[in-house]
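Remarks on the structure that follows.
The values are calculated or read from the model by the stated rules, or taken from the named source; none is laboratory data. These numbers were taken from a predicted model, which means no experiment stands behind them. A quick note on method: Cβ atoms are made from the backbone with ideal geometry, for glycine too, and the neighbour counts reach across all protein chains shown. For accessibility, only protein heavy atoms count, side chains too; no ligands or nucleic acids. Shrake-Rupley method; radii C 1.70, N 1.55, O 1.52, S 1.80 Å.
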Amino acid sequence: MLRVTAIDTSAGARVRRADRETSARADDHRALRLWLRLLTCTQLLERHMRNLLRIRFGTTLPRFDLMSRLERYPAGLKMKELSHHLMVTGGNVTGIVDQLVKERLVERLPEPGDRRALRVRLTRAGDEAFGKMARTHEEWIVSVLSGLSRKEHAELFRLLARVKSHALEITERKDGA
């Protein structure tokens, strides 16, 4: 969990907030300090997006993510597929879908050939609501990353692709062993 505490609020001192990265020591391995910085950046940005979604649209990040996934699959997804895409349990998906059905933003449909399965898809109202949220969300992301130049964006994207590739290689090797 991210700890947020004020440190030294005396006479004009800059307030420093504790986070994952501040728990690192100078003698910690550089890779550990980098890991903590990546984790801190992710948590700060995610918290910011959660707050903006709540304030502007009265919604949560999990609801936004679910609608985002359904928007990419106009015919809808089975509940199990939706759970797999979102990497959460079926119970979590069911609770969110129940709320969105009540608000008429998604609908459950019978799955042809499988009487036990249901397909979930956005309604027209859900598609319109998500479209507004998605456009605004993109503006927020652009804004929050506007502190970097195009060249820095490209370099960071390239470096993170290398981190991702190596992480996949390592985890697949370990998981398969």
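Model label points for residue 42 and residue 166, set 7 angstrom from Cα along the Cα-to-Cβ axis, are 1.6 nm apart. For the pair residue 144 and residue 50, the difference between a 0.36 nm per residue extended length and the Cα-Cα distance amounts to 32.5 nm. Fully extending the segment from residue 102 to residue 23, taken as 0.36 nm per residue of separation minus the present Cα-Cα distance, adds 24.1 nm. Ordered by 1.4 Å accessible area with all protein chains kept, 138, 71 run largest first as 138, 71. Loop-only trypsin sites (Lys or Arg not before Pro) in the stretch 83-177, please: DSSP not H, G, I, E or B, and at most 15 other Cβ atoms within 10 Å. Loop-located and lightly packed - 104. Estimated purely from DSSP H runs of n ≥ 4, each contributing -39500 (n - 2.57), the mean residue ellipticity at 222 nm for the chain is -20500 deg cm²/dmol once divided by its residues. Residues whose amide H comes within less than 5 Å of that of residue 117, counting only those at least five positions distant or on another chain, are 111 (H built at 1.01 Å from N in the peptide plane). The stretch 51-111 and the stretch 112-172 have Cα centres spaced 15 Å apart. Annotation: amide H of residue 123 within the under-5 Å range of 106, 107, sequence separation 5 or more or interchain, hydrogens built in the peptide plane. When 48, 85 are compared by accessible area at a 1.4 angstrom probe, the order from most to least is 48, 85. For the stretch 89-169, the spread of Cα coordinates along the three principal axes comes to 51, 35, 21 Å, biggest extent given first. Ratio of Rg to Rh for the chain: 1.05 [Cα atoms; Kirkwood radius as inverse mean 1/r over pairs]. Here the Gaussian network model covers the chain, with springs between Cα atoms less than 10 Å apart; of 161, 134, 125, 161 fluctuates the most. Note on residue 164: lysines with a C-alpha under 22 Å away, same-chain residues under 8 apart excluded, are 151, 174.
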